[in-house]
Amino acid sequence: MAEKNLIGELDMYREAGIKPNFSDIAKRYGKDRHTVASYWRAEGGRPHDGRGDRAGSFDAHIEEVAAKAQLPGVTKKGIHEWLLHRYPGEDLAGYNAFTQFMRKNGIAVGASGGPEPHPRFETPPGLQLQFDWKESVKMANRDGELFEFNVFAATLGHSRRHIFIRSRTRTTDDLVRCMYATIARLGGVPREWVTDNMSALVTVKGGRRLKVQRAYEFAKAAGFELKLCRPRSPQTKGKVESSNRFLSRLMAYQGDFDGWDDIDEIVARIEDASNSEPNETTGLPPSALFMEEKDALLPVGNLRALEEAMGDVVRVARVPATMLVSAHGEPMSVPGRCIGRPARIVCMPGGAMDCYVGGELVATHVAGGPAYDPAHYAEAMAGKRWFGDAAGDIEAAAAANLGLLDSIGGSL
């Protein structure tokens, strides 16, 4: 079956006139990239020395797989992706072989019921982007510390290209920031953006629903139309809701990460996988179809003008060695790699302060909060011999010094 799927996928690439990425396909099917290339050259046939998947390659990890399968919300695909991530040096087989392995060993995950049916809706290239939040994700790290966050999920209607952005809260500041990041990463603007009545867009006063004008003003400045649909209506927002099956792969990392940087790296890996795997409806990876859709998007225009639509922009000529930049008297830290580079701070009406260096969002700060991000401070102190050598020593000393700074009024 795996070989049949591989040949079918390559045939779809041929019909679309697109040369596939042999390395990505090889990873998904558990084959060598040269083997995939030989299938491509065979043009629909089977290479003379083709081999099947090897379900037995997972036997050494059966206890880990069984434990992961008990995690709430986890999926088989999520566990398979986790194995490939954690054991990159092993010759692990593809997803089809992994499902055979789980079936053979009686390991089951998730609910047994089938998916709920919903109608299919297609949109032309460049027209629509659907977006929503995956709310209140809770994950514990290796030390048992609980991390709670949200993920902004956006999906282009035609290509199904996904974008996932972690956000600690779901305010209008957060939403506008995610919209800006989505436009920057797509390199263009879909004409209409569809979602439900989220609180960042709609407030209720006296029994009446009122639009949050700031979000609509940003949409106008960027050149797209915001459209609201009824909550949980798959007829109009089903494509972005399908992204939840990708984000459910986060659950396989319960107890297997260290901090926020790890979470961001995991979210990025899941986004990359969601865009490289063939879509069930189109039969092609979203990244392949996006090459066609990108040309149909509206031009971005000036990103700095969009920053001004987000809030008040303060320019910093050079980030000093203290790693502290400030706007309107409010200091905030940035990573050490930003020292000596120009920066721009966007101060939003809701109190959020975002610092951009070279087009990258490097730090987010809340007005009135601590000036130094503990991670930035620990990074700076890592090179100081008197702070100790072990990571735990550095983190403890950094925390103690930050507490001292706070106790004397935080005048930095």
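Laboratory data are not the source of any read-out in this text; all were calculated from the coordinates shown. Since we're looking at a predicted model, the values are computed, not measured. Heads up, the Cβs are rebuilt from the backbone with ideal geometry, glycines too, and the neighbour counts pull from every protein chain shown.
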Which of the peptides 305-318, 364-377 is most tightly packed, and how do the rest follow, going by the mean number of other Cβ atoms within 10 Å of each residue? 364-377, 305-318
How high is the relative contact order of the stretch 251-333, in percent, with contacts defined as C-alpha pairs under 8 Å that are six or more residues apart? 10
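Just flag the GluC sites (Glu not before Pro) in the stretch 251-302 sitting in loop per DSSP whose Cβ has no more than 14 other Cβ atoms within 10 Å.
Glu280
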Distance check, please: which entries in Lys19/Lys134; Lys31/Lys76; Lys31/Lys68; Lys27/Lys134; Lys31/Lys104; Lys19/Lys68 exceed 31 angstrom between their Cα atoms? Lys19/Lys134; Lys19/Lys68
Charge context of Lys77, other residues only, Cβ under 10 angstrom, K/R +1, D/E -1: +1
Mean separation of Cα contacts under 8 Å (at least 6 apart) over the residue count of the stretch 156-225, i.e. the relative contact order in percent, is 32
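When Lys and Arg each count +1 and Asp and Glu each count -1, what net charge do the other residues less than 15 Å away from Leu361, Cβ to Cβ, add up to?
Result for the neighbourhood of Leu361: 0.
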